[in-house]
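Here the structure is laid out as structure tokens; the discussion comes afterwards.
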Amino acid sequence: SARTMDVGAPSDANGDLAEQALITKPRRPRPLRVREAFLHLFKGNVGPGVLALPLHFARIGPVYGTIVMVIIATQGIYGMWVLVRAQQLAAKLSSHQPPSTARLQQQQQQRPLCFEGVGNAAFGPSGRRLVASCVLCLQLGVCAVIIGLLTTNLHAEFSDKLSRHMAVLIAYVPCVLLAQLPDLTALWPLSLFGNMAMLLALGSSVVASGFKLAHAPPQLTRRTVSYSNVVSCISSSFYAFEGVALVLPVGNQLSLQDRSRYPWILVSAMGVVAACFVIVGASGGAAFSHEDSASITSFLERRFHETPLSPYFHFVNLAVASAVLATFPLQLTPAAQVIDRGLGLESQSSQRIARFIAVTACASLVAVVDTLDVLIDLIGGITNTMLASLPFLLHFGLLLSLRRVEGQPVEAQDMAVLALDGAGFLLCMATLVLTLTVSVF
């Protein structure tokens, strides 16, 4: 959510595995350059969720949609910055541990804490389990959205021949087969293809919207905005923007001299991401106010059907579907590793069975939830908000623990920071409650 994941930048969900690999491998990978970190952050946040933004901007209007995205983006960027700060506080807190942990402290300096490690520093094993559980739910949700997107594209393409449940089954088969791949290191070309296809899709959407607005400017009529549509837009924005699980893996691979610059690299990259999301959502929402699909590429293919542009948008839609399918095993890997560690699965056969069950559960969720936009709303409003709230919670706990260990009082500046943490946490929880309310009632 956060969400094409690079094999070269392991997620926080597999932090322990990545740390063990750094110890056992004879040669460590070279540090990331600043521009590489920037690109990792950018492409790691541009996924299927952005394809649904024009629909939600169309429902509540480009102006209100932009306001919602700016609020969620501000919260998201600050939350990511807070997570980096929490990692620094956890390292400082470890310096106050007994001398017997000196060797572990030295290893920590060489191998910065992963997301789970920060959770453990803040609240012990319970914190580690909390982070792992949130990452598990988010990544399985992302996998469900991928199956949902494939289902939507298939059903739109063959609506006269396929029922929706049959489309779910067809989308499920390649996903469950890809989930059985034992080694993901050879999939980097597919990841690159996925990034290029997504940029092609977003560029095509903006250009098509621009031509539509140039030839037929939207009429400025008063729009009735419903409560459920606003909540849906907030949830979708959380899903599209929130890439908090990628923050620490990227920062941990920077060189020591560049890590001090990482907060500003992070803010810059995510600011560009937020600007792109606003452009795609606002232009598409203004140009195609009657859009009815959570996949802008699927909508454009139907919109330009039987026109000279039909073959092009058919290719774009097919390319996006193929690219999203190619990223499926990468998105499943963090969740699968959490399951393997949690259940103590060591044999390859038991791990494959666990992956089969996980993918089947994702497909079942897609079959139960009628439309892709509702599925994205549920995943964004529940799993993304849970994970997005953790940086504020961890930072809150670590700051208070550090002040207590150092014997220092909580000063006014600390109170202001803690208040911001509380505000960010409450925004996430409010979105979660609103999403559940709209879904139930």
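Couple of notes before you dig in:
- Meets criteria (surrounded by fewer than 20 Cβ atoms within 10 Å (Cβ to Cβ), polar (S, T, N, Q) and at pLDDT below 90) for Q180: yes
- Filter pass, Q253 being more than 22 Å from G381 (Cα to Cα), in contact with a strand residue (DSSP E or B) (Cβ under 9 Å, 6 or more places away or on another chain), open to solvent by 20 Å² or more (accessible area, probe 1.4 Å) and at pLDDT below 85: yes
- Matching entry among I339, I379 (being β-branched (V, I, T) and closer than 18 Å to G47 by Cβ): I379
- Answer from E306, E346, E291 - the residue that is open to solvent by 10 Å² or more (accessible area, probe 1.4 Å), charged (D, E, K, R) and under 22 Å from L199 (Cα atoms): E291
- Entirely in the stretch 6-76, the helices (runs of 4 or more DSSP H) that have 1 or more residues that are farther than 27 Å from A336 by Cα, open to solvent by 40 Å² or more (accessible area, probe 1.4 Å) and modelled with pLDDT of 80 or more: 34-45, 53-60
- Some residue of the stretch 354-370 being modelled with pLDDT under 90, open to solvent by less than 70 Å² (accessible area, probe 1.4 Å) and in a helix (DSSP H, G or I): no
- The condition of being open to solvent by 60 Å² or more (accessible area, probe 1.4 Å), of a type in the set (A, V, I, L, M, F, W, C) and either at pLDDT 85 or above or part of a loop (DSSP other than H, G, I, E, B) (or both) does not hold for W188.
- Residue within the stretch 372-391 that is among the acidic types (D, E) and open to solvent by 30 Å² or more (accessible area, probe 1.4 Å) present: no
- Evaluating C137 against the criteria (1) farther than 16 Å from Y172 by Cβ; (2) within 20 Å of the chain's Cα centre (by Cα); (3) open to solvent by less than 10 Å² (accessible area, probe 1.4 Å) leaves one unmet condition, (3).
- In the stretch 225-245, the residues that are on the phi < 0 side of the Ramachandran plot form Cβ pairs under 7 Å with partners that are open to solvent by 10 Å² or more (accessible area, probe 1.4 Å) and of a type in the set (F, W, Y), at six or more places apart or across chains, as follows: V225/Y64.
- Condition check for T297: at pLDDT below 85, closer than 24 Å to L53 by Cα, open to solvent by less than 40 Å² (accessible area, probe 1.4 Å) and under 23 Å from the mean Cα position of the chain (by Cα): no
- Residue match in the stretch 253-260 (condition: touching a Ser or Thr at 6+ places or on another chain (Cβ under 6 Å) and assigned to a helix (DSSP H, G or I)): no
- Among the candidates L432, L399, residue that is out of contact with any Leu (no Cβ under 9 Å at 6 or more places or on another chain), at negative phi and at pLDDT 90 or above: L432
- All told, V438 meets the bar of being open to solvent by less than 60 Å² (accessible area, probe 1.4 Å) and at pLDDT below 90.
- S205 over 30 Å from P334 (Cβ atoms), buried (at least 21 other Cβ atoms within 10 Å of the Cβ) and at pLDDT 90 or above: no
- Taking the stretch 266-286 as the range and being of a type outside the set (S, T, Y) and open to solvent by 10 Å² or more (accessible area, probe 1.4 Å) as the test, the residues that pass are V267, G271, V272, A274, A275, C276, V278, I279, A282, A286.
- Taken over the stretch 392-404, residues that are open to solvent by 10 Å² or more (accessible area, probe 1.4 Å) and of a type in the set (F, W, Y) amount to 1.
- Qualifying residue in the stretch 262-284 (condition: at pLDDT 85 or above, of a type in the set (S, T, N, Q) and more than 21 Å from the chain's Cα centre (by Cα)): yes
The values are calculated or read from the model by the stated rules, or taken from the named source; none is laboratory data. Note that the structure is a prediction, hence the values are computed from the model and not measured. Cβ: placed from backbone, ideal geometry, glycine included. Neighbour counts: every protein chain shown. Quick note on the areas: whole protein, heavy atoms, side chains included, nothing else; ligands and nucleic acids left out. Shrake-Rupley method; radii C 1.70, N 1.55, O 1.52, S 1.80 Å.
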